[in-house]
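Structure record follows, encoded as C-alpha cells.
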Amino acid sequence: MTKGKAVVILDKSIEYLLYLMIFFIPISIAAIEIIFTISLFLFFFKKILNPNFKFFKNSTHIFLLLFFGFCALSFFNSGIYFAKSLKALFAKWLEYILIFILVEDTLNTSRRVRNAIIVILLTAGLISLDALFQQFKGIDFIRHRPLYRPLLRAYVSASFKTQNGLAAYLLPSIILVNILLFFQLIREKKYYILYLLFSLYLLSTTVFILTECRGAWLGFILGLFLWAFLSRDKKILLSICIFIIILILMPASKIRITETFKPAGDSGRFAIWHSGIAMIKENPFLGKGLGTYMDHFRRYATIPGVYYAHNCYLQIWAEA
C-alpha cells in the first residue's frame with residue numbers, strides 16, 4: 001500500500017467516525033469517548049504520513065489558544081485543587097478543542113458538511129420521536145429512562161438525564177432546520193425534502209416546547225434574531241413570532257415563563273448566580289482555578305447544598 005492510499009483510507013475512516021460521533025451525542029458519552037480516542041489516534045497517524053496543517057492558518061485559532069492559556073493560568077489559584085484543575089484542562093477542555101480540530105481538518109468539503117447535516121437532522125428526529133414516546137409511555141425507548149421528575153413535575157428528557165440536556169441538544173438542530181426551510185431548499189424548489197424538513201420542524205419544535213426549558217427558548221429566539229440581522233432576511237421574523245405565540249398560548253409554557261419573575265419561582269437559581277458573581281469579584285482575571293467552582297461554592301452560598309452555576313459563562317469566568 002502506498003503512503004498516499006494509506007492517507008486516503010485514514011482520512012475516510014476519520015470522516016465516518018465523526019458521523020458516528022454526531023449520532024451518539026444524545027445517546028452515549030462512553031461511545032463518544034471511544035470514537036474520539038480512535039479518531040485522534042488515526043488523525044495523528046495521518047499527520048505523520050502527510051504533515052499538512054494548513055487549517056491552523058485560520059485566525060480563529062487565536063481564541064482557542066487564548067482560552068486554553070487562561071485556563072492553564074488559573075492553576076495559580078487552584079491551590080489544593082491543582083490535580084482537579086489539571087484533570088479539567090486535559091480531560092475536558094483539551095478534548096473539546098481536539099474534537100474541533102478533528103472536525104475542521106476532516107469535514108472540509110461541501111459533501112462532507114452535507115453528510116454531517118443529514119446525520120444531525122436524522123438523529124434529532126430520532127431523539128424527538130423518543131421524547132414523544134416517553135411523553136405517552138412514561139419511558140424512552142433508547143436508554144429506557146423515565147420522565148424526569150424534579151419535585152412534583154414531570155418533563156420529557158428522552159435519552160438525556162434531564163429536560164435541560166434535551167433542550168440544549170435540540171436547540172441548534174431546530175435553528176438549522178429553520179435555515180434550510182427559509183433559504184436553501186425554497187430556492188432550489190426541492191419540495192419533497194421541504195416536506196420532510198417541515199415534518200421534522202413540527203416534531204422537534206413540539207418536543208422543544210415540552211421540555212419547558214426557558215433558557216433554551218430564549219437562546220432559540222435570540223439565535224433567530226441574530227440570523228435575521230446577519231442575513232438581512234426578514235422572513236425569519238415570522239418563525240420567531242409563531243414560536244412566541246405558541247409559548248403564550250400554551251398554559252404550561254406560560255406558567256414556566258411567569259415563574260421566572262416570581263420570588264419563589266427561581267430565587268434559588270438567582271442565589272446561585274450571586275455566589276458565582278462573588279467569586280468573580282474576588283478573582284476577575286484568573287478565577288478560582290479550573291474545575292473548582294463546586295469546591296468553593298459553600299463559602300459564598302446563601303442557600304443549602306452545593307450546585308453548579310446554572311450558567312456556563314458564569315461558571316467558566318468564576319473558575320478561569
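All of the numbers you see were taken from the coordinates with simple rules; none came from a lab. None of the values given here were measured: they were computed from a predicted structure. All Cβ positions, even for glycine, are placed from backbone atoms using ideal geometry, and neighbour counts span all protein chains on display.
Filter the range 81-109 down to residues that are in contact with an Asp or Glu (Cβ under 9 Å, 6 or more places away or on another chain) and in a loop (DSSP other than H, G, I, E, B), then give me how many there are.
Counting residues in the range 81-109 that are in contact with an Asp or Glu (Cβ under 9 Å, 6 or more places away or on another chain) and in a loop (DSSP other than H, G, I, E, B) gives 1.
Listed here are the residues, each with its yes/no results for (1) surrounded by 11 or more Cβ atoms within 10 Å (Cβ to Cβ); (2) within 20 Å of M21 (Cα to Cα).
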{"position": "F56", "(1), (2)": "no, no"}
{"position": "H61", "(1), (2)": "yes, no"}
{"position": "K87", "(1), (2)": "yes, no"}
{"position": "I99", "(1), (2)": "yes, yes"}
{"position": "L102", "(1), (2)": "yes, yes"}
{"position": "D105", "(1), (2)": "yes, yes"}
{"position": "S110", "(1), (2)": "no, yes"}
{"position": "N115", "(1), (2)": "yes, yes"}
{"position": "S128", "(1), (2)": "yes, yes"}
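Where the second residue is buried (at least 16 other Cβ atoms within 10 Å of the Cβ) and among the hydroxyl-bearing types (S, T, Y) and the first is closer than 21 Å to T123 by Cβ and lies in the range 133-153, which pairs have Cβ atoms under 6 Å and are six or more apart or on separate chains?
D140/S159; I142/S159; R143/S159; Y148/Y155; Y148/S157
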